[in-house]
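Let me begin by presenting the structure, written as C-alpha cells, before commenting on it.
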Amino acid sequence: KSEHVARAQKVVNDVQIRELGEVLDLLDGVLDDPQKPYYLVVDRLDENWVEDRVRYQLIRALLETARDFYKVRNAKLVVAIRKDLVERVFRFTRGPGYQEEKYQSQFLPVTWSKQTLVEVLDRRINHLIRRQYTKATVTHADVLPAQVDGENTIDFIVRRTLLRPRDIIVFFNTCIERADNSATISVDQLKDAEGAYSRDRVRSLADEWHADYPNLPRFLELIKKRSRRFRLSAITDEECQTFCNQVVTESLQEDSLQSAVWKADGTRESYATLRRELASCLYITGVVGLKIEAFEKVSWANSDRSVSPAEISDGTKLEVHPCFWRALGIRKADA
C-alpha cells in the first residue's frame, strides 16, 4: 500500500510541478509592464483558520511557492509571518536534507526601534488632535506629562510595549479614555491607564498564544507577586507541588505545560523540569527575558539571541517584562 501511495504521489507531484511552471510562465507573459508592479500580500497566518498540523504544512507549501514566484519579474509575493510561527513551521515540517540557511535570503526581519514607535505615535496624535488656530504640529510632548516616577514619560510608555506599533497605540488610546475630556493627560491618569493596559496585554497574550500554550494564563500564577528579577529556583519545589496538586484536577488542554505537570512525580528533577518548561514558555511568549550566564545580558525573544530549554537551569535569572508588571502584581525591587 505504501509503495502504491508513493508512486501515485510522484505522478501527482510531477503533474502539479509542470502545471505550476506553465502558470508562472503565463503570469510572466501577462504581467509584462515593469512600470505596473503587482504585490500579493498574505497575512493573518497565525490565526486558527485550519487544524494546526495541516496549517504548518500549508504554510510551508506557501513559503515554497513564494520562492517559485521569483520567476515572475513584475509580481512579488509577500508573506507576513511572525518569527515564532515560521520557526514552528520549519520545526514541525522538517524533512531529510532540510537546511534553514537556504531560506534566510528570503527573510526580511521587520523590527521597530524606540524612535520609529514614537514617530508612529506622534503621527497618530497629530491626526487625532489638530490645533485649531495654528499650523504647529501636535506631538506626545503636548499631551503627556514630562515625567512619571522620575522617568521620561515616553521612555516609560515604550518600555511597556513589546516594541510593536499596536502596543504603543493601545496604551495611548487607554490614556485618552482615562483623560475624561481633559486637554492633557495627568500622571495619575497615565498610571491608571497603565493598569488597564497591562491587564489587556495579558488577555491578548493568552489569545495570541492559545494554539501553542492554551494553559498559559493558569501558569502565570506561578510568577505573580514576585520581584521583577528573580532566579528560577525562587519557584520552590513546595510551590510546584502545591500548584501541581491544584491543576491536576482541572480540565487543562494538552500542551507542554500540562505535560510537565502530569510528569511531576514528587521528585526534585520533575519539578526542575516543570520550572524549565515554564521559563521556556514565558520566554517564547515575551513575558520574561532570560539571563543564562552571569557575563551575558538579559535576552528577549524578539532579539537575535535564541535560548533553548536545554540552556535553562534553576540558576537562570528571569526578568519580567514591564508590560505585565501591573497585571501580575510584580514588585519593582530585585530579588
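The values are calculated or read from the model by the stated rules, or taken from the named source; none is laboratory data. Keep in mind it's a predicted model, so treat the numbers as computed, not measured. In this analysis, Cβ positions are derived from the backbone assuming ideal geometry, glycine residues included, and neighbour counts consider all displayed protein chains. For accessibility, only protein heavy atoms count, side chains too; no ligands or nucleic acids. Shrake-Rupley method; radii C 1.70, N 1.55, O 1.52, S 1.80 Å.
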> To the nearest 20 debye, what is the magnitude of the charge dipole of the chain about its Cα centre, counting +1 on the Cβ of each Lys and Arg and -1 on the Cβ of each Asp and Glu?
Replying inline: 560 debye
> Between residue 107 and residue 69, what length comes free when the chain is fully extended (0.36 nm per residue of separation minus the Cα-Cα distance, one decimal in nm)?
Replying inline: 12.2 nm
>> Within segment 189-223, name every residue whose backbone N is under 17 Å away from a label modeled 7 Å from Cα of residue 92 along the Cβ vector.
In response: 207-216
> When ligands, DNA and RNA are left out and all protein chains stay put, how many square angstrom of accessible area per residue does the chain have with a 1.4 Å probe?
Replying inline: 60 Å²
> Dipole of segment 288-335, Cα-centred, from +1 at each Lys and Arg C-beta and -1 at each Asp and Glu C-beta, to the nearest 20 debye?
Replying inline: 300 debye
> Over segment 228-286, what lengths in whole Å, largest first, do the semi-axes of the equivalent ellipsoid take, defined as the square roots of 5 times the eigenvalues of the alpha-carbon gyration tensor?
Replying inline: 18, 15, 10
> Which percent of the accessible heavy-atom area of segment 109-224 goes to carbon and sulfur, probe 1.4 angstrom?
Replying inline: 49 percent
> By the gyration tensor of its Cα atoms, with a ≥ b ≥ c the square roots of the eigenvalues, what is the shape of segment 84-241: rounded for a/c under 1.5, prolate for a/b over b/c, or oblate?
Replying inline: oblate
>> For a protection proxy built on the mean count of beta-carbon atoms within 10 angstrom, sort 210-217, 102-109 highest first, please.
In response: 210-217, 102-109
>> If I stretch the segment between residue 268 and residue 159 completely, what's the gain in nm (0.36 nm per residue apart, minus their alpha carbon distance), one decimal?
In response: 35.6 nm
> Taking amide H positions as placed 1.01 Å from N in the peptide plane, with prolines and chain starts having none, which residues 5 or more places from residue 331, or on another chain, fall under 5 Å of its amide H?
Replying inline: 226, 227, 228
